[in-house]
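Trainee: If you scroll down you'll find the structure; I have some questions about it.
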Amino acid sequence: MKKKLLIIIGIVLILVLAVVLFFFFYKKPISSIKTYGNIEIRQVDMSFQVAGIINNVFFEEGDYVKKGDLLATIDDRDYKANYKKAYFEKKSSYSQMLEDNSKYQRNHPLCFDGTLSKQDCTTLFNNKDISKAKYGLSNANLEYQKNQLYYTKLYALQDGIITTRAQEKGARVNANQIVYVMSLNKPIWVRTYIKETDLGNIKYGNKAYVYTDTIDPKTKQKKKYEGYIGYISPVAEFTPKTVQTQDLRVDLMYRIRVYIDEVDEYLRQGMPVTIEIPIYEA
């Protein structure tokens, strides 16, 4: 019984200590900065690194893709043939290098006693170096042709959403010609502006809240996202007309970025949002 009582007392003391620490360290914001901005998402142009005729296009606009997904392929028959040719050229040059090196090892001692002429000795030495260089070139060419063959397949390098499908099966494309445009899942940030008088109240890493105009069915309030200030422009500029503030639009403002921590599929490029930056007591 005494042991149970000590346990209960210990639990109560821990709870009391937790409450005291909470009120000691918790800082309530004394005010906030309210501004407006738009969602920005990075977009990537996806293209083949080689030219050819498209065999397959696997994704449609609006599809989600993951890093490593195969997006499209082009006809690789010529690239396979070039790779095969380079492979046998490497084998041939390797055999020639071994042959010329063997001749050199067998005959170069004869250059010291005058059995072979200077011209023959020079040819012997040069043939060894030339065949070695040719083997190096064939090895490099094989690696190049291997890469060219690999480039006939277009893979997603990051997670994202296909926003534009620019080519279809059967189309002939050049190297670096756009096949897809993809919006990345991360990072997503808000481009907004603040007044010069508010600069002294913000810094990198400050917490910020982003509100969209969509009503969350659970909370019956505007959807809320947490984020942080990740960029503050060092140069003032005129506020663009697309940004609404309570002051005149000709005022000089400073551009900032608020990066959103937990993103979801409901955030879209250009979406207007409201940003609230809490200001805490120093």
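Trainee: Please enumerate, by chain and number, the aspartates and glutamates with C-alpha under 16 Å from the C-alpha of LYS146, excluding those fewer than 8 residues away in the same chain.
Mentor: Excluding near neighbours in sequence, the set is ASP75, ASP76, ASP78, GLU89.
Trainee: Shifting gears a bit: By how many nm would the segment from THR122 to GLU99 lengthen if fully extended, with 0.36 nm per residue of separation less the alpha-carbon distance?
Mentor: Full extension of this stretch gives 6.6 nm more.
Trainee: Report the accessible area of ILE215, computed with a 1.4 Å probe over the heavy atoms of all protein chains in place, in Å² rounded to the nearest 10.
Mentor: We get 90 Å² for ILE215.
Trainee: Right, another one. At a probe size of 1.4 Å, how large is the accessible area of ILE161, to the nearest 10 Å²?
Mentor: Accessible area, nearest 10 Å²: 40 Å².
Trainee: What FRET efficiency would be calculated for the residue pair ASN174, LYS66, taking the C-beta separation as r and a Förster radius of 30 Å, to the nearest 0.05?
Mentor: E between ASN174 and LYS66, to the nearest 0.05, is 0.65.
Trainee: While we're here: Simple spin-label model, 7 Å along Cα-to-Cβ: ASN107 to LYS203 in nm?
Mentor: The modelled label-to-label distance comes out at 7.8 nm.
Trainee: At most 13 other Cβ atoms within 10 Å and a DSSP loop assignment: could you name the chymotrypsin sites (Phe, Trp or Tyr not before Pro) in region 164-227 that fit?
Mentor: Filter output for region 164-227: TYR204.
Trainee: For region 60-159, compute Rh as the Kirkwood radius over C-alpha pairs and then the Stokes-Einstein diffusion coefficient at 4 °C and 1.567 mPa s; write the answer in µm²/s, rounded to an integer.
Mentor: Estimated via Stokes-Einstein, D reaches 77 µm²/s.
Trainee: Given all pairs of different Cα atoms, what value in angstroms does the Kirkwood hydrodynamic radius of region 154-217 take?
Mentor: Roughly 16.6 Å, rounded to one decimal.
Trainee: Greater than 26 Å separation of Cα atoms is the criterion. Which listed pairs, LYS66/LYS169; LYS90/LYS128; LYS80/LYS134; LYS91/LYS118; LYS34/LYS224, meet it?
Mentor: LYS91/LYS118
Trainee: Considering amide H positions built from the backbone, and no H for Pro or chain starts, which residues 5 or more places from LEU157, or on another chain, come under 5 Å of its amide H?
Mentor: GLY68
Trainee: Counting only residues 5 or more places away or on other chains, whose amide H sits under 5 Å from the amide H of ALA51 once H atoms are built in the peptide plane?
Mentor: ALA175
Trainee: Once the Cβ-Cβ distance between PHE58 and ASP261 is put in as r, and R0 is 25 Å, what FRET efficiency do you end up with, to the nearest 0.05?
Mentor: 0.20
The values are calculated or read from the model by the stated rules, or taken from the named source; none is laboratory data. Computed from a prediction, not measured in an experiment: that's the story for all the values here. Glycine also receives a Cβ, built like all others from the backbone with ideal geometry; neighbour counts cover every protein chain displayed. Surface areas here come from the heavy atoms of the whole protein model, side chains and all, with no ligands, DNA or RNA. Shrake-Rupley method; radii C 1.70, N 1.55, O 1.52, S 1.80 Å.
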